[in-house]
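The values are calculated or read from the model by the stated rules, or taken from the named source; none is laboratory data. Just so it is clear, the model here is predicted, and its values are computed rather than measured. Reconstructed Cβ throughout: ideal geometry from the backbone, glycine too, with neighbour counts over all protein chains shown.
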Amino acid sequence: AAERQPDRERRLLKEFKGIGDVGCDIFFREAQAVWDELYPFADRRALKAALTLGLGSNPEDLAKLVRRDEFVRLVGALARCDIEKRYAEVAG
């Protein structure tokens, strides 16, 4: 139904009760490991952490830092860093 188009995938996901933009962002962040059309994807939280830590300001910047198979872990860790406010610990 979505024909590998991220905008359509997002719209269809949001049809599920309880899934909004944040839920879609979380899904996209994880699903990009197997859904090529989503790569590279970084949500608002991951990008905020990346910018704060001086790693870049967009998904393409972050994709240059790691191998593709490591990208999902990187953006997940960045999102957790923002959620938990652990910038000082991460920055070392």
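Please go through the stretch 26-65 and give me each residue that is among the hydrophobic types (A, V, I, L, M, F, W, C) and more than 27 Å from ALA2 (Cβ to Cβ), ordered by number. So that I can check it myself, show each step before the final result.
Of the residues in the stretch 26-65, the ones among the hydrophobic types (A, V, I, L, M, F, W, C) are 26-28, 31, 33-35, 38, 41-42, 46-47, 49-51, 53, 55, 62-63, 65.
Passing the criteria: ALA49, ALA50, LEU51, LEU53, LEU55, LEU65.
Would you point out the residue of the stretch 73-92, among those that are β-branched (Val, Ile, Thr) and touching a Lys or Arg at 6+ places or on another chain (Cβ under 7 Å), that is surrounded by the most Cβ atoms within 10 Å (Cβ to Cβ)?
As a first pass, look at the stretch 73-92 and keep what is β-branched (Val, Ile, Thr): 75, 83, 90.
Those still in the list that are touching a Lys or Arg at 6+ places or on another chain (Cβ under 7 Å) too: 75, 83.
Working: VAL75: 27, ILE83: 10.
Taking the candidates together, the pick is VAL75.
Those residues that are surrounded by 16 or more Cβ atoms within 10 Å (Cβ to Cβ), part of a helix (DSSP H, G or I) and under 14 Å from the mean Cα position of the chain (by Cα), I need them from the stretch 7-34; list them, please. Lay out the reasoning, then the answer.
So the first thing to find is which residues in the stretch 7-34 are surrounded by 16 or more Cβ atoms within 10 Å (Cβ to Cβ), and the list is 9-10, 13, 24-25, 27-29, 31-32.
Filter once more, keeping what is part of a helix (DSSP H, G or I): 9-10, 13, 24-25, 27-29, 31.
Scanning the stretch 7-34 gives ARG10, CYS24, ASP25, PHE27, PHE28, ARG29, ALA31.
Taking first residues from the stretch 20-38 that are of a type in the set (Lys, Arg) and partners that are part of a helix (DSSP H, G or I) and at pLDDT 95 or above, the Cβ contacts under 8 Å between residues at least 6 apart in sequence or on separate chains come to ARG29/ALA46; ARG29/VAL72; ARG29/VAL75; ARG29/GLY76; ARG29/ALA79.
Cβ contacts < 7 Å: first residue without any contact (Cβ under 8 Å) to a residue 60 or more places away in the chain and under 13 Å from LEU74 (Cα atoms), restricted to the stretch 44-64; second residue surrounded by fewer than 19 Cβ atoms within 10 Å (Cβ to Cβ) and β-branched (Val, Ile, Thr), any location; separation 6+ or different chain. Result? Close Cβ pairs (under 7 Å, with a partner that is surrounded by fewer than 19 Cβ atoms within 10 Å (Cβ to Cβ) and β-branched (Val, Ile, Thr)) amount to ARG45/ILE83; LEU53/VAL90.
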